[in-house]
Amino acid sequence: MLTSSLFFFILTLHLSTTLCAPAKRQAQATPVISQDFADPSILNTQRKWYAYATTNGRYNVQVANSTDFSSWTVIKKDAMPNLPAWANPASPQVWAPDVSQRDDGSFLLYFSAALAKFPGQHCVGAATSSTPEGPFISMTRPLVCPDPDGTGKGMDAMIASPGAGGAIDASGFKDADGKRYLLYKVDGNSIGSGGICKNGIAPQRSTPIMLVEVEADGVTAMGKPVQLIDRDNRDGPLVEAPSLMRTQDGTYILFYSSNCFTSTLYDVTWASASRITGPYVKFGPMFVTGNFNLEAPGGASIAADGLHLAFHGNYKGGRAMYTTTVSGSGPNLRASLR
């Protein structure tokens with residue numbers, strides 16, 4: 001239930017029609033990238049916008065660019081053509097890349113890949129490049145890799161993390177004071193008891209969203225990871241795809257997805273806190289199947305400006321990229337269409 005004490009959003013979607021009052025039918029969202037471009041993250045440089053996406057089977061990391069955030073061109077190249085030795089060479093399944101620019105001007109890519117040693121689990125890696133299009137060169141060791149198969153076996157990760165099942169969906173956040181943070185999901189459902197997303201049958205595994213402060217390099221931990229949220233009954237088998245922003249009034253907004261990506265219950269939702277480490281209060285969902293003709297929306301990523309948001313939704317056999325802008329506050333959560 002929404003209360004006036006919370007920060008609210010006015011979401012401006014890139015849509016094919018305009019909302020009128022009284023509305024006779026709901027407007028339909030139009031993807032800005034209609035081909036398969038799942039789990040998008042977005043980066044703004046001085047010259048262009050860039051978007052990065054999960055593997056399409058040909059490229060490990062897809063990349064696209066735009067000069068206006070409306071018209072996008074998918075670049076026919078792999079932003080990370082070579083993978084580290086710990087990744088499964090037969091089926092690396094590179095998911096949810098996230099790129100940020102470091103203070104020295106270089107670009108840092110977070111990604112997750114299936115493990116050579118444990119092909120059913122993923123862990124988070126990091127790679128760097130001098131340009132936003134790559135090629136990104138991966139670091140030798142996994143960045144975060146908590147107990148992949150749940151038996152206590154480690155993977156010599158750069159950052160130690162509690163939990164089990166490996167890790168996915170890493171994203172970076174730079175706060176107003178210049179401090180940098182890494183967010184990720186402990187992929188507990190990968191070693192779940194079965195059912196939807198391997199975690200629909202009791203006992204259900206924890207799938208916490210974690211946060212750790214990192215040095216300016218984005219890969220050296222400053223302290224231990226802390227849990228922001230975890231799944232509960234309203235979330236189905238999991239929570240995942242964290243992306244963090246801070247509003248002008250100092251409120252932290254954690255975007256994430258709940259339920260299983262293979263289900264039409266998958267969504268884009270959010271939680272709010274007055275401190276970066278929480279406690280976070282869950283709200284939403286923001287986008288669900290049926291809104292604006294979307295199907296299984298999820299994998300949202302907020303840009304560093306705290307305004308521009310990208311997410312995917314099922315579209316013509318793949319997962320297309322949609323965009324929105326986030327602004328304002330007020331007593332109601334509402335979408336202003338254009």
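Here are the numbers:
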item: Options Gln35, Gln101, Gln93: the member that is touching a His at 6+ places or on another chain (Cβ under 9 Å) and open to solvent by 30 Å² or more (accessible area, probe 1.4 Å); result: Gln93
item: Residue check, Asp177 surrounded by fewer than 23 Cβ atoms within 10 Å (Cβ to Cβ) and among the acidic types (Asp, Glu); result: yes
item: Filter result (farther than 14 Å from Ser112 by Cβ and in contact (Cβ under 8 Å) with a residue 40 or more places away in the chain) within the stretch 173-187; result: Phe173, Lys174, Asp175, Ala176, Tyr181
item: Odd one out for Thr128, checked against (1) under 23 Å from Val61 (Cα atoms); (2) assigned to a loop (DSSP other than H, G, I, E, B); (3) open to solvent by 30 Å² or more (accessible area, probe 1.4 Å); result: (2)
item: Qualifying residue in the stretch 64-71 (condition: outside any strand (DSSP E or B) and either farther than 20 Å from Asp305 by Cβ or of a type in the set (Gly, Ala, Ser) (or both)); result: yes
item: 2 or more residues at pLDDT 95 or above: qualifying strands (runs of 3 or more DSSP E) within the stretch 256-314; result: 298-302
item: Whichever residue in the stretch 136-147 is touching a residue at least 40 places away in the same chain (Cβ under 8 Å) and either in contact with a Lys or Arg (Cβ under 8 Å, 6 or more places away or on another chain) or in a strand (DSSP E or B) (or both) and, among such residues, is farthest from Gly105 (Cα to Cα); result: Val144
item: Strands (runs of 3 or more DSSP E) within the stretch 164-251 that include 1 or more residues modelled with pLDDT of 95 or more and among the aromatic types (Phe, Trp, Tyr); result: 167-174, 180-186
item: Positions within the stretch 38-90 being on the phi > 0 side of the Ramachandran plot and either surrounded by 16 or more Cβ atoms within 10 Å (Cβ to Cβ) or over 21 Å from the mean Cα position of the chain (by Cα) (or both), in sequence order; result: Asp39, Phe69
item: Which listed residue, of Ala303, Ala273, is of a type in the set (A, V, I, L, M), touching a residue at least 12 places away in the same chain (Cβ under 8 Å) and touching a Phe, Trp or Tyr at 6+ places or on another chain (Cβ under 7 Å); result: Ala273
item: Test: residue in the stretch 141-162 that is in contact with a helix residue (DSSP H, G or I) (Cβ under 6 Å, 6 or more places away or on another chain), open to solvent by 10 Å² or more (accessible area, probe 1.4 Å) and of a type in the set (Gly, Ala, Ser); result: yes
item: Failed condition for Ile137, given (1) open to solvent by less than 50 Å² (accessible area, probe 1.4 Å); (2) within 17 Å of Val94 (Cα to Cα); (3) of a type in the set (A, V, I, L, M); result: (1)
item: Set Thr251, Thr220, Thr269, Thr247: member being β-branched (Val, Ile, Thr) and either open to solvent by 30 Å² or more (accessible area, probe 1.4 Å) or within 19 Å of Val99 (Cβ to Cβ) (or both); result: Thr220
item: Test: residue in the stretch 157-165 that is of a type outside the set (A, V, I, L, M, F, W, C), under 19 Å from Ile229 (Cα atoms) and in contact (Cβ under 8 Å) with a residue 60 or more places away in the chain; result: yes
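The values are calculated or read from the model by the stated rules, or taken from the named source; none is laboratory data. Model, not experiment: these values are computed from the prediction. For neighbour counting, all protein chains shown are included, and Cβ atoms are generated from backbone atoms with ideal geometry for every residue, glycine included. All accessible areas refer to the heavy atoms of the entire protein, side chains included, with ligands and DNA or RNA removed. Shrake-Rupley method; radii C 1.70, N 1.55, O 1.52, S 1.80 Å.
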